[in-house]
Every structure is written in structure tokens, then in C-alpha cells.
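First comes the structure, then the notes that go with it.
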Amino acid sequence: EIIDESHLHRGHKAAGGGGHYSVKVVSPKFESLNVMERIRLVHKALDEEMTGTPKLIHALQVKTFSNEEWPS
């Protein structure tokens with residue numbers, strides 16, 4: 001699930017044109033990882049969008065779930 005929350009941050013000059021997003025990610029890769037390891041994995045997958053030019057993502061709120069943790 002991806003929610004664009006950029007409209008809540010209009011006029012935020014530090015964003016440099018990148019958007020503000022809230023994401024929920026469900027993956028079996030999260031099974032044996034702690035919260036920080038999961039977030040690092042998501043950030044690594046979105047590295048180009050977060051650090052590239054143009055910067056597409058300025059802020060990212062991440063919630064992660066393993067398949068077992070996600071309600072069916």
C-alpha cells in the first residue's frame with residue numbers, strides 16, 4: 001500500500017521536489033529480520049528514488065509485515 005502524503009507538506013522547501021509517502025510492505029523476506037533491518041531493505045530497494053536526480057522521494061514512512069504478520 002502506498003499513500004502519497006505530499007499535499008500535507010506543501011511549501012516544505014527542504015523536500016527539493018520529492019514527495020512524502022507512507023508505505024506498507026508485506027514480504028516473506030521480512031520473516032527473520034528486526035524492524036530496522038526491514039526498513040533498511042525497503043530503503044535499499046528505493047535508493048535511486050530517494051537519492052537520485054531528480055529526487056522523487058523526500059520522506060518515507062515505512063510499516064513492514066512478514067506474510068505471517070499480515071492479516072489475511
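Among the residues of segment 7-29, the one identified as surrounded by 16 or more Cβ atoms within 10 Å (Cβ to Cβ), of a type in the set (A, V, I, L, M) and at pLDDT below 90 is A15. Answer yes if at least one residue in segment 56-68 is touching a Lys or Arg at 6+ places or on another chain (Cβ under 7 Å), in contact (Cβ under 8 Å) with a residue 12 or more places away in the chain and at positive phi, and no otherwise. There is no residue in segment 56-68 that is touching a Lys or Arg at 6+ places or on another chain (Cβ under 7 Å), in contact (Cβ under 8 Å) with a residue 12 or more places away in the chain and at positive phi.
Among the residues of segment 30-46, count how many are within 15 Å of the chain's Cα centre (by Cα), within 15 Å of E69 (Cβ to Cβ) and exposed (fewer than 15 other Cβ atoms within 10 Å of the Cβ). Total satisfying the criteria: 2.
The values are calculated or read from the model by the stated rules, or taken from the named source; none is laboratory data. Note that the structure is predicted; figures quoted are calculated from it, not measured. Backbone-built Cβ (ideal geometry, glycine too); neighbour counts: all protein chains shown.
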